[in-house]
Amino acid sequence: MYMSEDNKPIGWWLKELDRRIEASFEQVLAQDGLDRRQWQVLNAAAGDEPIAVALAPFLSGTDELAAVIAPLEARGWLVGEELTPDGQAALEALTARVTAHRRQVTAGIDAKEYTVTVGVLRRMAANLSAAASPERG
């Protein structure tokens, strides 16, 4: 059944938005030959928590982490858990581009609309989480 643009359900729009966000974000990072995990490593290295801890939800183990880190070390951007000066400069430049990308994604959406939208999505996720949990009583 064909659905026009004005009657597609929220699930369709969520998947379409996710697909477009992922593809466009990958393009932003690919300009520097990076992927999302490498971007996360750079951010984690700039933070307080160990890289392995910060990326644990996204990686399956130390071998995968080493494979993500190796190209950053080869570029001279990372030594162990620390960003090098070149790595810090790269992170700052990437952050500026990612920020510009995020502004593009939310163009024409004011702060209140954004907050309301995120709140609605959060509640919908909580509703489904609650529905999947066994009842207590």
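The values are calculated or read from the model by the stated rules, or taken from the named source; none is laboratory data. What you are looking at is a predicted structure, and each value in this text was computed from that prediction instead of being measured. Cβ: placed from backbone, ideal geometry, glycine included. Neighbour counts: every protein chain shown. These accessible areas exclude ligands, DNA and RNA; they are computed on the full protein's heavy atoms, side chains included. Shrake-Rupley method; radii C 1.70, N 1.55, O 1.52, S 1.80 Å.
Structure above, values below:
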| item | result |
| --- | --- |
| Cα-projected label distance for Arg75 with Ala125, points at 7 Å along beta-carbon direction, nm | 2.8 nm |
| Gaussian network model of the chain, Cα within-10 Å springs - most flexible of Gln31, Gln40, Gln88 | Gln31 |
| Per-residue ³J(HN,Hα) for the stretch 33-50, Karplus 6.51 cos²θ - 1.76 cosθ + 1.60, θ = phi - 60°, Hz, x for Gly and Pro | x, 10, 10, 4, 5, 5, 4, 5, 4, 4, 5, 5, 5, 7, x, 8, 8, x |
| Debye, to nearest 20: dipole size of the chain, +1 on Lys, Arg Cβ, -1 on Asp, Glu Cβ | 600 debye |
| Paired Rg and Dmax values of the stretch 63-105, which use every Cα atom, in angstrom | 12.4, 35 |
| Extended-chain gain in nm, criterion 0.36 nm per residue less alpha-carbon gap, Ala93 and Asn7 | 26.9 nm |
| Per residue accessible area of the chain, 1.4 Å probe, in Å² | 71 Å² |
| Percent breakdown of C-alpha pair distances by 10 Å bin, ordered from the shortest bin, for the chain | 10, 29, 30, 22, 9, 1 |
| Options His101, Gln88, Val120, ranked by Cα towards positive dipole end of the chain, top entry (Cβ charges) | Val120 |
